[in-house]
Amino acid sequence: QVQLVESGGGLVQPGGSLRLSCAASGSILSIYSMGWYRQAPGKQREFVATITSGDSTDYIDTGYADSVKGRFTISRDNAKNTVYLQMNRLKPEDTAVYYCNWVVATTPEGLHDYWGPGTQVTVSS
């Protein structure tokens, strides 16, 4: 199985920055995508950002929710075992539990979806 662990959350003032990390362990044959989602109290989980993990860096692609576009940046390391979310110019509405999501192939038969336990991000003065 694949296990994901997020880190880097905390309390930050509006306009500040945080960098979230998500490290994976386990048996992974290949990675289809990595992503970040968030869930605020009383609201459903929403998409934040994704990054495509291909065989070549020429085909890496990213996508963002409109609410974070231009402020957040998703990236991954060369070993494809860690995904990051750089969060700049944070707003109070960014307050949520942030979850890491990896879509990976653990067997040749298909892809599987894995989630981390989440890390709290609180933006408040």
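Of all the accessible heavy-atom surface of the chain, with the other protein chains kept in place and a 1.4 Å probe, what percent is carbon and sulfur?
Of the solvent-accessible surface of the chain, carbon and sulfur hold 47 percent.
His112 to Ser30: extension gain in nm, 0.36 nm per residue of separation minus the Cα-Cα distance?
The His112-Ser30 span can extend by a further 28.5 nm.
Is the chain best put as rounded, prolate or oblate by its Cα gyration tensor, with a ≥ b ≥ c the root eigenvalues, rounded for a/c under 1.5, and otherwise prolate when a/b is larger than b/c, oblate when not? Please list the in-between numbers first.
Working: a/c = 2.12, a/b = 1.72, b/c = 1.24.
In terms of gyration-tensor shape, prolate.
Specify which residue in the list Thr50, Gln13, Val2 is farthest towards the positive end of the charge dipole of the chain, using unit charges on the beta carbon of Lys, Arg (+1) and Asp, Glu (-1), about the Cα centre.
Gln13
Ignoring ligands and nucleic acids, what accessible area does Ser27 show with a 1.4 Å probe (Å², nearest 10)?
For Ser27, the solvent-accessible surface is approximately 80 Å².
With a probe of 1.4 Å, find how much accessible area the chain has per residue, and write the answer as a whole number in Å². Present the calculation step by step, with values, prior to reporting the outcome.
Values: 6770 Å² over 125 residues.
That works out to 54 Å² for each residue.
With all protein chains present, calculate the accessible area of Arg76 using a 1.4 Å probe and round the result to the nearest 10 Å².
We get 40 Å² for Arg76.
Counting only other residues whose beta carbon sits under 9 Å from that of Arg71, what net charge do I get with K and R as +1, D and E as -1?
Value of the local net charge: +2.
The values are calculated or read from the model by the stated rules, or taken from the named source; none is laboratory data. Just so it is clear, the structure is predicted and the values come from calculations on it, not from any experiment. Reconstructed Cβ throughout: ideal geometry from the backbone, glycine too, with neighbour counts over all protein chains shown. Accessible surface areas use protein heavy atoms only, side chains included; no ligands, DNA or RNA. Shrake-Rupley method; radii C 1.70, N 1.55, O 1.52, S 1.80 Å.
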